[in-house]
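Step one of this worksheet: look at the structure below.
The values are calculated or read from the model by the stated rules, or taken from the named source; none is laboratory data. Values in this document were obtained by computation on a predicted structure and should not be read as measured data. For neighbour counting, all protein chains shown are included, and Cβ atoms are generated from backbone atoms with ideal geometry for every residue, glycine included.
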Amino acid sequence: MSEMCPKCGLPKDICVCSVLDRETEGKVKIFTRPAKFKKLVTVVSGVNHDEIERTAKNLKKILACGGTNKGEEIELQGNHKEATKKALLSMGYKESNIDVL
C-alpha cells in the first residue's frame, strides 16, 4: 500500500496538493538588481517558504545558471527575467500570479 497524503488523504503518487498550493498562493515577483562588478542578479520573491529550495534548484537547472536562496528570495546569476517566468509557468505557477518588474 502506498503512502497517503496527510493533507488530502489521497495516495502520494496521485496527490495534487503542491499544484493547488501554487495556484492559490500570492504574487511571485521577478526583478533584477545590480551585483558586484556591474553584473545583474535576477531575484524571485513571493515563493512559498515550503517550496523555495525545490523551486530554486529547478530554476537553476532549467536556466543553466548559478544562484542561491536567501531568506524569502531566490537569486539567480544573470538577467533571466523572461526565461524565469517561462520556467515558473512550466512548474505549475499561474501566469496571473507572476509579475515581471
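Give the residue that is modelled with the lowest pLDDT, with candidates limited to residues of region 13-24 that are part of a helix (DSSP H, G or I) and within 21 Å of residue 49 (Cβ to Cβ). Don't jump to the end; show me each part of the working.
Step one: of region 13-24, the residues part of a helix (DSSP H, G or I) are 13-14, 17-24.
Still in the list and also within 21 Å of residue 49 (Cβ to Cβ): 17-24.
Values: 17: 68, 18: 65, 19: 65, 20: 64, 21: 59, 22: 56, 23: 55, 24: 52.
The residue in question is 24.
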Inset, instruction - From the list 86, 94, pick out the single residue that is farther than 18 Å from residue 35 by Cβ, without any contact (Cβ under 8 Å) to a residue 12 or more places away in the chain and surrounded by fewer than 18 Cβ atoms within 10 Å (Cβ to Cβ). - result: 86
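Right, residue 44: surrounded by 12 or more Cβ atoms within 10 Å (Cβ to Cβ), of a type in the set (A, V, I, L, M) and at pLDDT 90 or above or not? Show your work before the answer.
On the way: surrounded by 12 or more Cβ atoms within 10 Å (Cβ to Cβ): yes; of a type in the set (A, V, I, L, M): yes; at pLDDT 90 or above: yes.
Criteria met by residue 44.
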Inset, instruction - Scan region 53-82 residue by residue and report those that are touching a residue at least 12 places away in the same chain (Cβ under 8 Å) and either among the aromatic types (Phe, Trp, Tyr) or more than 20 Å from residue 35 (Cβ to Cβ) (or both). - result: 53, 55, 58, 62
Legend entry - Total residues in region 26-65, condition in a helix (DSSP H, G or I), in contact with a strand residue (DSSP E or B) (Cβ under 7 Å, 6 or more places away or on another chain) and of a type in the set (Lys, Arg): 1
Legend entry - Selection from region 72-101 of residues that are assigned to a loop (DSSP other than H, G, I, E, B) and either aromatic (Phe, Trp, Tyr) or out of contact with any helix residue (DSSP H, G or I) (no Cβ under 9 Å at 6 or more places or on another chain) (or both): 79, 93
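Tell me the residue from 38, 7, 27 that is at pLDDT 75 or above, basic (Lys, Arg) and in contact with a helix residue (DSSP H, G or I) (Cβ under 9 Å, 6 or more places away or on another chain), please.
Working: 38 fails: in contact with a helix residue (DSSP H, G or I) (Cβ under 9 Å, 6 or more places away or on another chain); 7 fails: at pLDDT 75 or above.
Just a single option satisfies the conditions, and that option is 27.
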